[in-house]
Structures are given as C-alpha cells and as structure tokens.
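Accompanying notes for the structure given below.
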Amino acid sequence: MSIRLRTACFALGLAGAVPALAGPPSVAGPAAPEPAILVAAAGDIACDPELDIPDGSCRDAATARMIDRRDPSAVLALGDLQYEDGALDKYLLGYDQTWGSFKASTRPAIGNHEYRTADAQGYHDYFGASAGGQDGYYAFDADGWRLYSINAECAHIGCKAEREWMRADVLAHPRSCQLMFMHKPLYSSGLHDESSPRRFWRVGYRHRFELALAGHDHLYERFAPMDHRGNVVKDGIRSFIVGTGGKSLHSLGTVAKGSRVRFTEDFGILLLTLRHGSYDWRFRTIGGVTVDTGTGVCH
C-alpha cells in the first residue's frame, strides 16, 4: 500500500479490482480481509544533543526501531520532537538520526518546545511542506479517515482563525471516521492539563470525531470517550496521551476523570489500525510489553 502526497493531504488507496474470468461456479472461500492501514504515534522524542545526557536515558533510537520494524503507512509525531528548543541544527543532530529515517511518512504536530526557537522556525525548516505551512495545522485523508494535525500552541498564530479553519474543513470534507492529533492534551492524569485544546475538542465533538491523540505528559494514558466539557459520554472522543517517544518519563498526579489506563514505566508507541468504520489500538513498549489494546467503531 503506498502513500500519495497532495498539496494539503495524502490519500491511501488500493489497486483496482481485476474482473473475474468466466467459468464454472466455485465454492466460496473465506472473506477477503477488510482494507486497513497502520499508523504509529508518539511524541516527546529526542533529547538535546548539546546536553550531557546519561547513556541509555534517552530512548528515541529504540522507539524508532519499533516503528521501522512495523513499517506503518503514516507516523504521527505528537510534538516536542526535538528538545530543548527545536533549533534546526539540533533536529539534524538529534531527531534526524533516529526518527528521521521515516521522515517521508511522518505527519508532525507542533509542540511548545518547538516555539522556544522564534516562530518554531527550526521545526518548519526541518519538516518543510509536511508541517502544514507557517501556521502549523493541516488535514489529510487516509483510506476513508480524515486526520487533523492541530497547533495547540495557537496563541502564537491565532486560535480563532485555526478553529474556524478546522470547522470549515470538517464541513467541506465530511467523513464517517475522523481523528485529531496535537501536542497538548485536554485531559491528563500527569503533570499537565491544558485548556487550549478545548476549542478544537468542541468542534470535534460536535462533528462526531472518534479519536484525539496528544503528548506533552511523558507517559501513556487512555481515556474513555468524553465530550469537551469533561463528561464521559457514549458518543464522545476517545483520547490517548503518548508522550513516550524517548526523551524522558513523568510520574502520575491525581487520576483524572475518565482515565481508563495509565502507564509510566517504559517508553513505547501507539499503533492504530484504521479501517472503514472501525479502528484498533495497541500500545507496546520498547521492552516488548503490550500494555493496552482495544477496538472501536466510528460514530
């Protein structure tokens, strides 16, 4: 399965069907597998190459190897991709040496550490057109799904304009399955909980999004489907924090409402299998442990 890049999106398609030849009827075999694509996700990835980091404490190379072995169709990089300030020379010395091996299939989201360099210029210079332009938000199609990379640092570029763009894009590209990913989570049991994503969650909930992915807290956490007001609801957005890309790990704080799974013991990646009308998830650590799995259907 190949990725076909376009100006503001990429689409994943299957080869056309070959007409059946005429002949005697045959006994029906097992049904063909449902078309699906594999997506890998994590954030908070590469340590600062200019700092004296103890050997073995920064594990971005290990998470990169996990992704390389699985060869996903797309990699969602959930912000704070290069510490401490996202300067271009650090990207080239750090992130590029590990996660850079699948840069062509990476769809990034911008984080707060990227903005420690003026206008997040290092991030934009490194990812180029894949970063979605200087405002750092964009959308793309993936085999029936529409995915939204959100700039949760919207104070730098105009929150209202980004929200209006998202609302207009959802209306212009209706899909039965939708996902948004950004750096900061709306809900977390870690060190942070943020208000800036709420405006985007409001749009997502009203338009029946399935999933929201974030980093920022250096841990893994999955929440029950929730609305933008903090309520667990049947038709809500199921959210994940995957801040386990390699930089460091955080401890837990107070367990947040709606939290279902929390893990702080090891780095790892979230693997999503996206199908027409449904999805599976699996969080696996660099130590080979599957921490969390499940399945869901689109609204």
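The values are calculated or read from the model by the stated rules, or taken from the named source; none is laboratory data. Keep in mind that what you see is a predicted model, and the values were worked out from it rather than measured. Here the Cβ positions follow ideal geometry from the backbone for every residue, glycine too, while neighbour counts run over all protein chains shown.
Some points to look at:
- Which listed residue, of Ile3, Ile45, is surrounded by 14 or more Cβ atoms within 10 Å (Cβ to Cβ), at pLDDT 50 or above and either within 18 Å of the chain's Cα centre (by Cα) or hydrophobic (A, V, I, L, M, F, W, C) (or both): Ile45
- In the stretch 220-235, the residues that are surrounded by fewer than 24 Cβ atoms within 10 Å (Cβ to Cβ) and either under 14 Å from the mean Cα position of the chain (by Cα) or not polar (S, T, N, Q) (or both): Arg222, Ala224, Pro225, Met226, Asp227, His228, Arg229, Gly230, Val232, Val233, Lys234, Asp235
- Answer from Asp125, Asp135, Asp96 - the residue that is at pLDDT 95 or above and not in a helix (DSSP H, G or I): Asp135
- Condition met for Arg167 (farther than 17 Å from Ala42 by Cβ and not in a strand (DSSP E or B)): yes
- Some residue of the stretch 106-116 being farther than 30 Å from Asp52 by Cβ and touching a residue at least 24 places away in the same chain (Cβ under 8 Å): yes
- Residues in the stretch 255-285 that are among the β-branched types (Val, Ile, Thr), in contact with a strand residue (DSSP E or B) (Cβ under 6 Å, 6 or more places away or on another chain) and under 17 Å from Ala62 (Cβ atoms): 2 in all.
- Screening the candidates Tyr95, Tyr137, Tyr126, Tyr83 for the property of being within 20 Å of Ser195 (Cβ to Cβ) and not hydrophobic (A, V, I, L, M, F, W, C) yields one hit, Tyr137.
- Whenever a residue of the stretch 144-169 is free of Cβ contacts under 8 Å to residues at least 24 places away in the same chain, it has no partner that is β-branched (Val, Ile, Thr) and part of a helix (DSSP H, G or I) lying with C-beta atoms less than 6 angstrom away and at least six residues away or across chains.
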